[in-house]
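Everything on this sheet refers to the single structure shown next.
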Amino acid sequence: MIQFSVASFICFLRYLTHAHENNQENMLNSECLQMIGAMLQKCSPSIFDVNALMATHLFIESLQGQKSEIGNAQGNSALLDVLYTDIAFNFHIWARMNFQITLGHVQYLSAMIKNDRKYYRKKFGIQFFLDVVRDHYSAPDSITPEDAKTLRATLYAIVRFYLQKDVNIKEISTMIAFLASVRQENVLIEFLEMLTFHIKGKNCKDQMILLLHEPQTANLLYNYFVDKSYSTEVQE
């Protein structure tokens, strides 16, 4: 009964806001979702089960489905933005959950992003996901190294998806800054491997190659070849 309570509560929120403009406006003005996000950060992983995960995804889809409705688009869009920021993309919540729950949610986010790359890239772009890797999955103590590697690979796949189109110098600089700030060699190597595979792949644009050859970027990359603190595997 306790395990189902989180799912039931989120389902209640979905029914409360479905096609109900006043309830959506009240929820937005009362900062209800921000408070729920804060509570979920303290929620025991044992009571956030697959039912709660599915309820969260259905809640997201309910608001997404109403986004374009006439007369409700603006208020609904604002509430959806809060839901994204404080719950859906809030990894202070998801990094605490059991591995299977977190992986399922990250895969769900990946599917959302692939349906609307331009929209999500503005707020949850390359820097956002690299920050998630650095802050939550570089050396986590709550999951096994193998599970952490799986989650990093899934997050890197989102980064690679973004790289397939319209890469800019700010994003390249973000990746170089990530390389410079990561101290765990396995995390560094995994990212370099992803980047190498992308550059060699058919979806890599010439623009990215040119940006990687910009003086400041190229000089920083060259440091990996001359800095003796890095292993041979990193240099390779």
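Give me the percent of accessible area attributable to carbon and sulfur for the chain, probe 1.4 angstrom.
Heavy-atom surface of the chain belonging to carbon and sulfur, 1.4 Å probe: 55 percent.
Report the Stokes-Einstein translational diffusion coefficient (µm² s⁻¹, integer) for the chain, Rh taken as the Kirkwood radius over Cα pairs, at 4 °C with viscosity 1.567 mPa s.
Working: Rh = 19.5 Å.
D = 66 µm²/s.
Between residue 142 and residue 233, how many nm apart are label points set 7 Å from Cα along the C-beta direction?
The answer from the label model is 2.7 nm.
Using label points projected 7 Å from each Cα along Cα→Cβ, tell me how many nm separate residue 61 and residue 8, to one decimal.
In this crude spin-label approximation the distance works out to 2.3 nm.
Could you please put 11, 43 in sequence from largest to smallest accessible area, using a 1.4 Å probe? Numbers along the way, then the final one.
Numbers: 11 35, 43 15 Å².
Most to least solvent-accessible, the answer reads 11, 43.
Whole angstrom only: what separates the Cα centroid of segment 97-137 from the Cα centroid of segment 179-236?
Measuring centre to centre over Cα atoms gives 22 Å.
Any idea how far apart residue 123 and residue 29 come out in nm if each label point goes 7 Å out from Cα toward Cβ?
2.1 nm
Can you compute the FRET efficiency between residue 214 and residue 114 using 1/(1 + (r/R0)^6), with r the Cβ-Cβ distance and R0 = 25 Å? Round to the nearest 0.05. Don't jump to the answer; show the numbers that get you there.
On the way: r = 29 Å, r/R0 = 1.15.
The value I calculate is 0.30.
Can you tell me what the convex hull of the Cα atoms of segment 144-192 projects to on average, as an area in nm²? Write down the numbers at each step before the final one.
Details: hull surface 13.9 nm².
That works out to 3.5 nm².
In square angstrom, what is the accessible area per residue of segment 97-137 with a 1.4 angstrom probe?
On the way: 1950 Å² over 41 residues.
Here the residues of segment 97-137 average 48 Å² of exposed surface.
For segment 153-236, how big is the tail of P(r) above 19 Å, as a whole percent of Cα pairs?
Details: 1224 of 3486 pairs.
Taking all Cα-Cα pairs of segment 153-236, the fraction more than 19 Å apart is 35 percent.
Give me the angle, in degrees from 0 to 90, between the Cα long axis of helix 215-226 and the longest principal axis of the Cα atoms of the chain, rounded to the nearest 10.
The angle comes out at about 70 degrees.
Which residues in segment 92-116 place their backbone N less than 17 Å from a point set 7 Å from the Cα of residue 203 along the Cα-to-Cβ direction?
107-116
What is the sum of charges, Lys and Arg at +1 and Asp and Glu at -1, for the other residues whose Cβ falls under 9 Å from the Cβ of residue 137? Mind dumping the intermediate values first?
Working: positive: 134, 149, 152; negative: 135.
Charge balance near residue 137 sits at +2.
The values are calculated or read from the model by the stated rules, or taken from the named source; none is laboratory data. The structure displayed is predicted, hence computed values, not measured ones. All Cβ positions, even for glycine, are placed from backbone atoms using ideal geometry, and neighbour counts span all protein chains on display. All accessible areas refer to the heavy atoms of the entire protein, side chains included, with ligands and DNA or RNA removed. Shrake-Rupley method; radii C 1.70, N 1.55, O 1.52, S 1.80 Å.
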